1. Among the residues of the stretch 82-102, write down those that are modelled with pLDDT of 80 or more and open to solvent by less than 20 Å² (accessible area, probe 1.4 Å).
2. For the subset of the stretch 143-166 comprising residues that are at negative phi and part of a loop (DSSP other than H, G, I, E, B), which member is most open to solvent (accessible area, probe 1.4 Å)?
3. From the list ILE136, ILE169, ILE195, ILE129, pick out the single residue that is at pLDDT below 85, in a strand (DSSP E or B) and farther than 17 Å from GLU61 by Cα.
Amino acid sequence: MKKTFISFVVAAVAIIAAAVPAQAQFRFGVKAGVAVSSLHFSKETFNAENRAGFTGGLMAEFTAPVIGVGVDLSAMYVRRNSQWLHDNELTKDNRDYIDIPINLKWKMNIPVINNIIRPYIATGPDFAILTSGRAIKEGYRNRKFDTSWNFGFGAELFKHLQIGASYGIGLTKALKTFNVTESAGISGHNRYWTITAAYLF
């Protein structure tokens, strides 16, 4: 079901991008920020806490004139730090990903102030490839590929600087336990806030 839903959304985003007029604005730039992550476990006995990491990379954006609807695509390096408590044992995990978020974005057209500030909202899938590729410790293993869904908002300042925040909900298992008698098969899904600044040329 999740795979079908994700495939449908990616196809819809591709169709929208293809339908954007030829005079649509294309821009690219750099983006960096902070990633605040936690793991949402399938069993309540795992108590996860928010931990701060970082992100940085490149961004491209297509926007249709007047209506302000478009698509943005990023290729980001992300460090997601997590820690959780189970049976009074604290486990810490630093996970490195190559993150590829694809967002459908709407920039609000507000006459008079458009050249100064332009609010926007965005949503779309996020595909993450694990690069650390290791077991945390005996009993825990990170998955090599993770898919999430992002909901974001922000503002574009002076037509070049975009300040934004997004919340990501993991759709697939980012971590799974094994060889742990009382918790075998327990899985963790990513949950994270990302706050970024991007400069587009």
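1. Across the stretch 82-102, the qualifying residues are ARG95, TYR97, ASP99, PRO101.
2. Selected residue: LYS144.
3. Details: ILE169 fails: at pLDDT below 85; ILE195 fails: at pLDDT below 85; ILE129 fails: at pLDDT below 85.
Testing whether each residue is at pLDDT below 85, in a strand (DSSP E or B) and farther than 17 Å from GLU61 by Cα leaves just ILE136.
The values are calculated or read from the model by the stated rules, or taken from the named source; none is laboratory data. Note that the structure is predicted; figures quoted are calculated from it, not measured. These area figures cover heavy atoms from the full protein model, side chains too; ligands, DNA and RNA do not enter into them. Shrake-Rupley method; radii C 1.70, N 1.55, O 1.52, S 1.80 Å.
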